[in-house]
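These notes are about the structure you will find just below.
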Amino acid sequence: MTSPPHPSTTSTTTPPHTSTTSTTNPHLQPNPHPSSFNPSTTTFLSPLSSKALSRNRLHRYYDSEDKSIPRLPPSYALNPNASSTNAILQQIIVQFVWNKVPIDAKEVQESFEFYLRTRKRLLRKTNATKDKTIVVKDYCAGHGLTGLLFLCCNPKLASTSSMRLQSIDIKVPPAHAEIVESLEQVCPWIRGKHEFLIADINDDYVDNNNNNNNDDYVNNSNNNNDDSYTITLALHACGSLTDAVIAKATTSSATSSSASATSRLALMPCCPPPSNSLQIPLGIKRLYGNREASDIERCYVLKAKGYHVDFTSIPKEITVMNRIIIAERD
Ligand SMILES: C[S@@+](CC[C@H](N)C(=O)[O-])C[C@H]1O[C@@H](n2cnc3c(N)ncnc32)[C@H](O)[C@@H]1O
């Protein structure tokens, strides 16, 4: 009689975490919606859809190849009432290329795809909440493009002052000012609707939203009050920074005394926090690895705070750290 293989030897023949498991998973729909979770997705939604972008400046990528996006004159301002999202994104590319903005093509793709995959869920019900100011908070914002896209691509909300953006980071990268300048030329409705707050997410910093000294920044005093509608973003906030963002976002919305406060989060984590900081059982960490386990733990943390939690993803060609946690609490 042949004895059965030792359980630990099975993993060498059938690794549990290879990408093939996702394609054969019977629970994955054969033709999922483009915004649904698919870790192997290769479908691009944005006009910057090449799968072969290297870590190259966007303008160098366009200089080196003949691209289909037309080059229009600089300072080409779009009409806020007659510009589709696609037209806005295309014109942003043109402006970045023209102005030689120092940003990598892949980072532009990442921000575009992130925006296009999350916007519907994050901005759901905005028509029913006309009296609320939508505050977008982009934590660990880096160059800040992702948060700025929410203003650029929502001209009606941004031009009526009912949407504004706060980018938060410990430092302002040099590219930020050039990105803002180009975007304001294309989308003039974003002027005065955004600020960059230099702060450490782990600190109890003063949130200037209710006491702003920047004259250009339209300060709407009803932020964080009972009628608040807060969208929290964090792209590749390393390790436990994503968890700090969850804590910050859920604490400030939890302090609102009204059930009418709306809080939405879209988080695309990168490296996992240290294993010993995870509360999730050891068996789950061993079965799925720390990266998967940390995202599972984050789902439970958010669920315990009353959020509906789901996943979506951007194409893996842009980054293998492509999972987005979406959490909604109305
Ligand atoms: C990997 S980058 C991601 C930048 C941007 N979100 C993106 O996707 O391109 C991480 C960012 O986190 C910022 N950061 C690091 N520690 C931080 C902290 N304690 N508080 C706030 N931001 C922090 C860094 O300055 C950096 O810009």
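Need a quick list: helices (runs of 4 or more DSSP H) entirely within the stretch 235-330 having at least 2 residues that are buried (at least 18 other Cβ atoms within 10 Å of the Cβ).
Numbers: elements: 241-254, 282-288, 290-304.
Hits in the stretch 235-330: 241-254, 290-304.
The condition of being under 19 Å from LEU78 (Cβ atoms), within 16 Å of the chain's Cα centre (by Cα) and more than 16 Å from the ligand (Cβ to nearest atom) holds for only one of ARG124, ARG119, that being ARG119.
Entry remark, the stretch 93-115: residues being away from the ligand (no atom under 16 Å from the Cβ) and at negative phi number 6 in total.
Quick one: in the stretch 258-290, of everything that is of a type in the set (S, T, N, Q) and free of Cβ contacts under 8 Å to residues at least 24 places away in the same chain, which residue is nearest to the ligand (Cβ to nearest atom)?
Step one: of the stretch 258-290, the residues of a type in the set (S, T, N, Q) are 258, 260, 262-263, 275-277, 279, 290.
If we keep only those that are free of Cβ contacts under 8 Å to residues at least 24 places away in the same chain as well, we get 275-276, 279, 290.
Values: SER275: 20, ASN276: 20, GLN279: 21, ASN290: 18 Å.
Looking at residues that are of a type in the set (S, T, N, Q) and free of Cβ contacts under 8 Å to residues at least 24 places away in the same chain, I get ASN290.
Is it fair to say TYR217 is among the aromatic types (Phe, Trp, Tyr) and either at pLDDT 95 or above or within 10 Å of the ligand (Cβ to nearest atom) (or both)? Break it down stepwise before answering.
Numbers: among the aromatic types (Phe, Trp, Tyr): yes; either at pLDDT 95 or above or within 10 Å of the ligand (Cβ to nearest atom) (or both): no.
So TYR217 does not fit the description; no.
Close contacts from the stretch 178-206, counting a first residue that is within 16 Å of THR146 (Cβ to Cβ) and a second that is of a type in the set (Lys, Arg) and more than 12 Å from the ligand (Cβ to nearest atom), with Cβ to Cβ under 7 Å and a gap of 6+ residues or different chains, come to LYS193/ARG164; HIS194/ARG164. Every test in (1) within 16 Å of the ligand (Cβ to nearest atom); (2) small (Gly, Ala, Ser); (3) buried (at least 20 other Cβ atoms within 10 Å of the Cβ) is passed by SER182 save one, and that test is (1).
The values are calculated or read from the model by the stated rules, or taken from the named source; none is laboratory data. These numbers were taken from a predicted model, which means no experiment stands behind them. FYI the Cβ positions are ideal-geometry reconstructions off the backbone, even for glycines, and counts take in every protein chain you see.
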